[in-house]
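Contents: one structure, followed by commentary.
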Amino acid sequence: MAKTKIDKNEKKNSYYKKRRLPIRILMLTMLISAVGLIGLVVLSYNMDRLAQIYTNVVDNDYSNLDSLDSIKIEFYKHQTLLFQYMESIGDGLMIKELEESANSLRDDIFEEEEAFKKAVKGTYYENSLQTVYSELFDYFLDVERIFTFANDKDFDAAENYMHNMLFKSIDEVNDVVGLFDTLIDDDVNKTRQEMTNHLAVSRVFAIGLILLLTVLTCIGLVWSVIASREITNKDPLTQIDNMDKFQSDMDKLYKKNKLKDYVCVCSNIKDFTLVNQQLGSSVGDMALRNFANTVEHIIQKDERLARIGGDKFIAIVRKEHIDDFVAFIDRVPVTVDYHEEAKIIQIETRSGLYYIKEDDDPGTVVDDAHLALSQTKLKAVDKIVFEENMLEQAYDRRTLLMDYTNAIKQKEFVVYYQPKVNLENDTLCGCEALVRWWKDEEIVPPFKFIPILEEEGRVTELDYYVFERVCRDIRAWLDAGISPVRVSSNFSKLHLRNPEFADKVLKIVDRYKIDSEYLEIELTESSGYEDFDAFTNFVDKIRKRGIHISIDDFGTGYSSLSLLKKLDVDVIKIDKSFIDGIGIGDRMNENLVKNIILLIRDMDRQVICEGVESRNQADFLKEQNCNMVQGYLFDKPLPHDEFEERLKSPVYVRKLS
């Protein structure tokens, strides 16, 4: 198969395409978290800024107002003392005390003014403080002059100076202090406005953040609903529709009366177990995904494809498109990643088709397409269109399976023995146990029930039933003093799925205490190549007990020569299809049989040919040193009592034809 290097970018793109919506949801969730976190940080910063502004107002401006009020109060006190001083002129002792109090109060005012100066340092009204200081300084200079006039007993001068100069200074001090008070009030109002603006911005930002998060959350919810629908409606492995979604779409078309325009196609992949066995289940899963994606790309927009399970798919395709669709899925090349390289696998399918008619129920449509698919295996074809008689066949099949369960319980199955003959002396040398079903006093031919039981996986129960009857018969012959021959019992390849297969066989052998020389287990050639490991494990356990192993239908499988080399078996049975070509002038077939016999004998295996029906065939085989045969030339399968008589008389009278 062709191999190329895997395109890693292509694989990566395919990966992200399938997971695009979950990735979007993840990214959106991360975005919502980031936006929310950033919003909280911004709001936190804004609130911290508001706290700082509030602290500035409380700790600074209001404190400064308090300090300014204190200076104003002290200043008013000083004015009061000064007025008292002027009223007390003439009382030397009184004015002396009032002067000392005024000077002390002056010092306090300058101390508070100095503290206030430090408090407002760095503010935009710091420079205005100098004007206050200058006016206060001028005021106190005027007060000093009044005190000087009074101390010099020039009371008229003091009185005149106060009225002409001091009152003017008092007014100027009050003006500048009032102006400063106004500046602080303005700063407080400005701060309040700034806080109001910040709160408004925070409110708008919070509302915007809530709206943004709400929108993003709604988008996330919508995407999550879509994702949940995809999860509910998609097959987990292939990511195409599952059966629930397929049935829902069919119901919608049915309600619109459009279902009649379609064909229902039920398909499964041929021999897909071989892909899993040879390449591994992970590669098998990749093949299923790629097959599903490839087919999905060729169906039209109004058509549907779904995976039923395993390697089985179902589709509804428009009738005008059905031929192209079936031709396409008949053989689909898919590329898988195998040991870091691209490997091309050819996927081949079988398909059952049902052409939908008006008023057909969707459930019945699917069942009939399934039924058509089941017929492809029975008839060994790749495509079958549903026909009404299939329903009758399916009913007969179900009836047979129901009757089979009762037949096992009622022991309606009996064992026939077909003799094997040694051509050197035409003597009985073995036999093959064959099952017959006595139903309503008639024999049901094995070809009517064995294939069905094989397909349903129920033939294993019958195999154990037959083998136990064989062991019981051998035990009875031994106890009666009749010498048995080696009996070959057939087992289906389905037994190889059971790891306890060998143990169950040996348990039956031990129950009847049968010597291994009388037993041979017969498996078909296909058992080996379908599950080689299970086959070899079974053979090893059985041969350790001395029981013989034979391969049936040799030459009809895919790897006969390989099996001859690998499998440690005792007997190889050449299929009847090769024997039929002997004695009719088919030299190529005769040479083929001759070389097969030679090859088997050279590999130290016993060889037996089945279906020998003429003396010419027997003589040819004897010439090739194949001395063990079975066929109608000597005997058909015999019921128990007739075969028992053959055991007592093992020599055959030579037949001429």
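The values are calculated or read from the model by the stated rules, or taken from the named source; none is laboratory data. Values in this document were obtained by computation on a predicted structure and should not be read as measured data. A quick note on method: Cβ atoms are made from the backbone with ideal geometry, for glycine too, and the neighbour counts reach across all protein chains shown.
Sub-9 Å Cβ pairs linking a first residue in region 503-516 that is surrounded by 17 or more Cβ atoms within 10 Å (Cβ to Cβ) to a second residue that is among the basic types (Lys, Arg) and at pLDDT 95 or above, at least 6 apart or interchain, are Ile514/Arg475, ordered by first then second residue.
Residue by residue, here is whether (1) surrounded by 13 or more Cβ atoms within 10 Å (Cβ to Cβ); (2) of a type outside the set (Phe, Trp, Tyr); (3) touching a Cys at 6+ places or on another chain (Cβ under 8 Å) holds:
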| position | (1), (2), (3) |
| --- | --- |
| Val334 | yes, yes, no |
| Asp337 | yes, yes, no |
| Lys343 | yes, yes, no |
| Ser351 | yes, yes, yes |
| Lys357 | no, yes, no |
| Pro362 | yes, yes, no |
| Ala369 | yes, yes, yes |
| Leu373 | yes, yes, yes |
| Leu378 | yes, yes, no |
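Selection within region 575-602: residues that are in contact with a helix residue (DSSP H, G or I) (Cβ under 6 Å, 6 or more places away or on another chain) and not in a helix (DSSP H, G or I). The member of this set that is farthest from Glu432 (Cα to Cα) is Gly583. Inside region 332-359, residues that are modelled with pLDDT of 90 or more and of a type in the set (Asp, Glu) make up a count of 1. Which pairs have Cβ atoms under 6 Å, sit 6 or more apart or on different chains, and link a residue in region 376-397 that is within 24 Å of Lys319 (Cα to Cα) to one that is among the charged types (D, E, K, R) and in a helix (DSSP H, G or I)? Here the result reads Phe386/Asp368, each pair linking region 376-397 to a residue that is among the charged types (D, E, K, R) and in a helix (DSSP H, G or I). Val487 meets all of the listed conditions (1) touching a Pro at 6+ places or on another chain (Cβ under 8 Å); (2) in a strand (DSSP E or B) but one, namely (1). The combined condition, being out of contact with any strand residue (DSSP E or B) (no Cβ under 8 Å at 6 or more places or on another chain) and at pLDDT 90 or above, is fulfilled by Met588. Inspect all residues belonging to region 456-466 and state whether any of them is closer than 19 Å to Glu517 by Cβ and modelled with pLDDT of 95 or more. No, the conditions are met nowhere in region 456-466.
Please go through region 318-330 and give me each residue that is closer than 18 Å to Asp382 by Cα and over 27 Å from the mean Cα position of the chain (by Cα), ordered by number.
Scanning region 318-330 gives Ile322, Asp323, Asp324, Phe325, Val326, Ala327, Phe328, Asp330.
Looking across region 307-333, just one residue is charged (D, E, K, R), in a strand (DSSP E or B) and without any contact (Cβ under 8 Å) to a residue 24 or more places away in the chain, and that is Arg331. For Thr273, the conditions (1) closer than 23 Å to Tyr355 by Cβ; (2) of a type in the set (Val, Ile, Thr); (3) exposed (fewer than 15 other Cβ atoms within 10 Å of the Cβ) all hold with the exception of (1).
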